[in-house]
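The values are calculated or read from the model by the stated rules, or taken from the named source; none is laboratory data. Predicted model only: the values in this text are computed from it and were never measured. Here the Cβ positions follow ideal geometry from the backbone for every residue, glycine too, while neighbour counts run over all protein chains shown.
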Amino acid sequence: MHPVLEKFKEIFISVIPIVAIVLLLHFTIAPLEQVVLAKFLIGALFILLGMPIFLIGVDISITPIGERISSSLLSISRLWKILLGGLVIGFLVTVAEPDLHILGRQVTEVTAGGINSGLLVMLVSMGVGLLVAVALVRVLKIIPLNKLMTIIYIIIFILAFFSDSEFLAIAFDAAGSTTGSISVPFLLALSVGASNLTRSKGNEETDSFGMLGIASTGAIIAVLLQGAFSNTGLTGTLDLDASVGENAFASVLSQVVTVSFESFLSLAPVLVLFFVVNFLRLKESKKTIRTIIIGTVYTYVGLVLFLTGVNGGFIDASRQVGFQLASLEMEWVLVLMGVVFGIVTIPAEPSVHVLTNQIENETAGAIKGNTVLVALSLGVGLAVGLSMLRILIPGLQLWHILLPGMILVIFLSYFISDIFVGIAYDSGGVAAGTMTATFLLPYAQGAAEYMPNANVVTDGFGVIAIVALIPLLTVELLGFIYKLTIRRQNKKAAKQIQTIGESDL
Amino acid sequence: MINYSELSSHDDTYCILGIIVNRGQGKKIFQFARRIGFSKANCLLGEGRSSRSNRILEFLALDEVDKEVILLGVKSQQGQEMLSKLEKEFNFDKPNKGIAFMMPVSYPGTLDREYVPESPYVNVMIILNENVADDFGNFVQEHGFSGLTMIKARGAASIIHPLMGIQVESAKVVAMMIVPRSKMEHLIYLVSQRFNLATENTGVLAVQPISRLVGIVQDEKDDLSMNPSAPEPIIKQMVVALVPHGSAEEYLHNVKKLGVSGSTIIHSRLANLSPNSEGLLPIGIDAEEDMVITLASHELASKIRHELSRQTFENQVEKPYAFSFPVIRTEGIRAEGFGE
């Protein structure tokens with residue numbers, strides 16, 4: 001079978017579980033409105049078509065662009081130019097991210113105008129740009145990732161201390177929204193390209209990962225700073241637009257225009273950067289440029305189909321499921337289904353496939369993509385379960401989960417191999433992606449809508465924060481298991497080699 | 001790979017059984033290998049261009065395909081049987097299913113200064129800088145060659161990074177093409193001209209014989225004649241050393257005093273085919289390895305192997321060893337100065 005068809009098959013297997021579970025719930029305990037169910041199924045079809053096309057496109061356009069730009073950048077011999085380049089790249093890629101603009105508008109709403117959305121977008125983009133530059137310096141100066149993240153997390157703790165606790169949720173939400181479908185493969189490729197150019201004795205591909213994790217913290221710091229200086233609280237409410245329409249297909253398609261425009265915006269900086277760098281330094285052949293342009297078309301078409309599907313079909317369905325399950329007033333069902341949804345949603349996230357593919361490429365297949373996927377899925381499942389608990393238990397606040405979680409993350413990072421530290425931090429950035437925003441978050445919001453004690457806004461914002469954190473822990477745990485297993489394998493091998501050596505005598 | 005205990009026998013001829021399939025199909029090959037008794041296999045990841053130059057795929061920019069290259073060390077007799085079984089089980093006779101081939105090794109084994117051709121095919125291996133990889137791929141496609149596999153690698157001849165102030169390894173690519181002998185000179189000529197192999201330090205080309213091959217697309221115009229009574233001189237050895245990942249530099253440092261320079265390092269893995277009964281995970285964890293390729297004279301190759309047999313590395317899962325491929329043709333200025 002041609003690899004293209006294999007890709008379609010792989011995505012089909014990844015997406016079917018969500019569809020199956022929603023259908024199962026519909027026919028049993030959480031029936032959906034006919035229109036909503038129809039929209040969901042149509043949305044699923046769009047995803048099944050769009051995601052493989054998007055992933056194929058990313059592989060032949062975005063990834064090569066990112067790798068070429070970073071190797072160009074890192075071959076400049078002036079540090080300040082590299083930093084400036086990193087800043088510009090991080091800024092451009094973030095400012096064009098549609099999810100960030102949506103978040104900005106939501107924040108203005110919930111702070112009743114206290115925080116200006118335009119300013120938020122600018123600050124977050126600058127924060128990410130700055131941290132992308134820091135990430136590049138880390139590669140050049142071979143600074144271990146666990147030490148760098150310890151310092152960054154300490155800064156975040158200090159800032160969080162001076163902020164309203166709800167702002168922490170918005171800060172993490174901003175981090176989640178900056179790592180979108182285009183910026184993830186681009187920043188990953190930037191990281192891999194930088195690592196390839198600076199490989200040296202004792203410093204193998206350990207630097208290939210970590211940039212997403214570092215860049216995300218830029219968004220967190222930017223929002224916390226803004227929150228600390230603004231002195232506003234979350235006073236407003238959030239209007240969850242309930243779309244009503246009789247024709248399911250038309251309703252899904254109505255997203256196309258917005259999505260097409262937003263996808264174009266998020267792709268544009270990457271393309272512009274490539275052509276500028278190509279003109280100035282790369283001077284690639286016509287065939288390579290042609291391949292990249294065609295790949296960009298696939299990326300664009302695939303992304304539009306995918307986003308139309310999730311925005312048009314999944315949000316309403318999952319919100320209704322959340323509401324229906326909450327209305328059963330069986331709390332364990334709500335939490336259990338949250339866990340299940342968390343587990344089955346992650347394989348449908350395009351960014352996750354990009355990350356697992358890169359992991360296999362960088363380790364010659366020694367770390368299997370599917371193994372990391374399982375750890376990620378379990379992590380997100382746990383995260384959604386915890387989020388539902390937070391909605392159900394009024395006393396459980398966000399920082400009760402985030403603070404120990406972050407401390408544990410830093411602690412574990414000193415006990416696993418460097419490459420797993422990078423993979424873990426990147427996993428956090430990848431997990432809180434489009435599927436989390438369009439399926440897991442609405443599920444929590446739907447449940448919160450039913451509950452009298454829950455606040456859709458604060459509880460909603462916290463979901464992304466927890467989803468961005470817990471998978472970090474499960475992947476680190478995987479890294480720890482790997483380390484133990486390899487140690488055991490090596491001991492056994494050493495004994496065998498010794499035995500063979502002795503028998504030669 | 002070859003069990004350590006088998007290396008002590010010098011009566012048999014050995015070969016490396018190579019299998020190249022699309023990424024993702026490797027699992028099935030591993031299952032097959034496990035069934036016939038292998039517990040480990042070496043695996044590299046590469047990228048290829050479709051072996052049938054399909055115009056439609058090229059137009060749609062879908063002609064680049066991710067590949068897996070699996071290597072197993074076998075005795076030649078065993079290799080023949082395995083190749084036939086592979087061909088049947090995986091339908092290598094059909095296009096785009098993959099290829100499998102046997103490459104004779106000089107060590108372990110008895111191949112010395114001459115090789116008697118056993119098949120009309122050869123493996124042309126070209127090591128180039130990574131920044132010309134795309135160019136190279138386009139170039140061979142334009143000239144009608146198919147079945148190219150490119151593997152990322154690092155060059156050990158390092159450069160000082162202007163900002164890091166330390167030696168970094170250059171990014172390389174190892175290109176492999178299995179072509180009929182009749183096309184070999186033409187390919188060498190084209191590549192040398194295009195990439196200035198003879199005059200600039202842009203790359204190295206080395207040709208190894210193939211003793212058997214299944215799965216290649218036969219072009220009717222190909223001349224598949226060969227003269228078994230005309231043995232070819234083996235002019236060099238391609239020494240391939242397998243060391244734990246991260247130990248390549250240590251190994252090269254130790255063999256530097258023998259006169260070795262300009263090696264190429266490929267990141268590979270030693271696939272654990274047996275299920276992990278002891279670990280905490282239900283899957284086997286593969287050990288990462290560095291495959292260090294050095295072009296050397298016969299004497300130097302022997303010294304390198306001897307030196308390696310005395311070394312032990314941290315985290316090794318098997319005793320490191322090197323095997324040598326006979327090389328019947330080289331090109332490139334760096335290929336010349338490797339000791340005589």
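Of A:L45, A:L55, A:L103, all but one fail to be part of a helix (DSSP H, G or I) and over 27 Å from B:L60 (Cβ atoms); the exception is A:L103. Assess whether A:F162 counts as being modelled with pLDDT under 85 and aromatic (F, W, Y). Here the answer is yes, as A:F162 does meet what is asked. Across the range A:115-139, the number of residues qualifying as polar (S, T, N, Q) and either surrounded by 19 or more Cβ atoms within 10 Å (Cβ to Cβ) or touching an Asp or Glu at 6+ places or on another chain (Cβ under 7 Å) (or both) comes to 2.
When residues of the range A:176-186 are filtered for being modelled with pLDDT under 90 and among the aliphatic types (A, V, I, L, M), how many remain? Adding up the residues that qualify gives 0.
To keep it simple, each residue is scored yes or no on (1) surrounded by fewer than 21 Cβ atoms within 10 Å (Cβ to Cβ); (2) within 24 Å of A:V15 (Cβ to Cβ); (3) modelled with pLDDT under 95.
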| site | (1), (2), (3) |
| --- | --- |
| A:L382 | yes, yes, no |
| A:P394 | yes, no, yes |
| A:L402 | no, no, yes |
| A:G429 | no, yes, yes |
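For the range B:110-134, filtering for residues that are in contact with a Lys or Arg (Cβ under 9 Å, 6 or more places away or on another chain), more than 12 Å from B:I328 (Cα to Cα) and in a strand (DSSP E or B) leaves 4.
The set of residues in the range A:12-56 being without any contact (Cβ under 8 Å) to a residue 24 or more places away in the chain and of a type in the set (S, T, Y) consists of A:T28 alone. Among the criteria (1) surrounded by fewer than 16 Cβ atoms within 10 Å (Cβ to Cβ); (2) acidic (D, E); (3) under 18 Å from the mean Cα position of the chain (by Cα), the one B:D112 does not fulfil is (3). Among the helices (runs of 4 or more DSSP H) confined to the range A:368-462, the ones with at least 2 residues that are over 15 Å from the mean Cα position of the chain (by Cα) and of a type in the set (G, A, S) are located at A:369-392, A:441-450.
Test A:V409 against the criterion of being at pLDDT 90 or above and within 14 Å of chain B (Cβ to nearest Cβ), and give yes or no.
On the way: at pLDDT 90 or above: yes; within 14 Å of chain B (Cβ to nearest Cβ): no.
No.
Being among the basic types (K, R) and in contact (Cβ under 8 Å) with a residue 12 or more places away in the chain is true for just one of B:K67, B:K27, B:K88. Which residue is that? Break it down stepwise before answering.
Values: B:K27 fails: in contact (Cβ under 8 Å) with a residue 12 or more places away in the chain; B:K88 fails: in contact (Cβ under 8 Å) with a residue 12 or more places away in the chain.
One residue alone meets the criteria, B:K67.
Only a single item in (1) at pLDDT 85 or above; (2) more than 13 Å from chain A (Cβ to nearest Cβ) is not met by B:P108, and it is number (1).
For the structure I just gave you, tell me whether B:I159 is over 25 Å from B:H298 (Cα atoms) and of a type in the set (A, V, I, L, M, F, W, C). Outline the logic, then answer.
Values: over 25 Å from B:H298 (Cα atoms): yes; of a type in the set (A, V, I, L, M, F, W, C): yes.
Yes; evaluated as a whole, the condition is true for this residue.
Note on the range B:248-265: residues that are of a type outside the set (A, V, I, L, M, F, W, C), closer than 27 Å to B:T149 by Cα and facing chain A (nearest Cβ under 9 Å) amount to 1. Residue check: B:S268 meets all listed conditions (1) modelled with pLDDT under 90; (2) within 14 Å of chain A (Cβ to nearest Cβ) but one, namely (1).
Yes or no: B:I159 part of a strand (DSSP E or B), within 14 Å of chain A (Cβ to nearest Cβ) and free of Cβ contacts under 8 Å to residues at least 24 places away in the same chain? Break it down into steps so the answer makes sense when it comes.
Numbers: part of a strand (DSSP E or B): yes; within 14 Å of chain A (Cβ to nearest Cβ): yes; free of Cβ contacts under 8 Å to residues at least 24 places away in the same chain: yes.
Against the criterion (part of a strand (DSSP E or B), within 14 Å of chain A (Cβ to nearest Cβ) and free of Cβ contacts under 8 Å to residues at least 24 places away in the same chain), B:I159 qualifies.
Residues that are free of Cβ contacts under 8 Å to residues at least 60 places away in the same chain, more than 14 Å from every other protein chain (Cβ to nearest Cβ) and closer than 30 Å to A:F420 by Cα, at least 2 per element: which helices (runs of 4 or more DSSP H) completely within the range A:254-363 meet that? Steps first, please.
On the way: elements: A:255-277, A:286-309, A:315-327, A:331-345, A:350-362.
Per the criteria, A:331-345.
Selection of the range A:29-65 for residues being touching a Gly at 6+ places or on another chain (Cβ under 6 Å), more than 10 Å from every other protein chain (Cβ to nearest Cβ) and not hydrophobic (A, V, I, L, M, F, W, C) yields A:K39, A:G43, A:G50.
I'm checking my understanding of the structure. Among residues of the range A:136-160 that are without any contact (Cβ under 8 Å) to a residue 24 or more places away in the chain and in a helix (DSSP H, G or I), which one is farthest from the other protein chains (Cβ to nearest Cβ)? The qualifying residue farthest from the other protein chains (Cβ to nearest Cβ) is A:I158. Condition check for A:T474 on (1) under 30 Å from A:L328 (Cβ atoms); (2) free of Cβ contacts under 8 Å to residues at least 40 places away in the same chain; (3) among the polar types (S, T, N, Q); (4) within 14 Å of chain B (Cβ to nearest Cβ): one failure, at (2).
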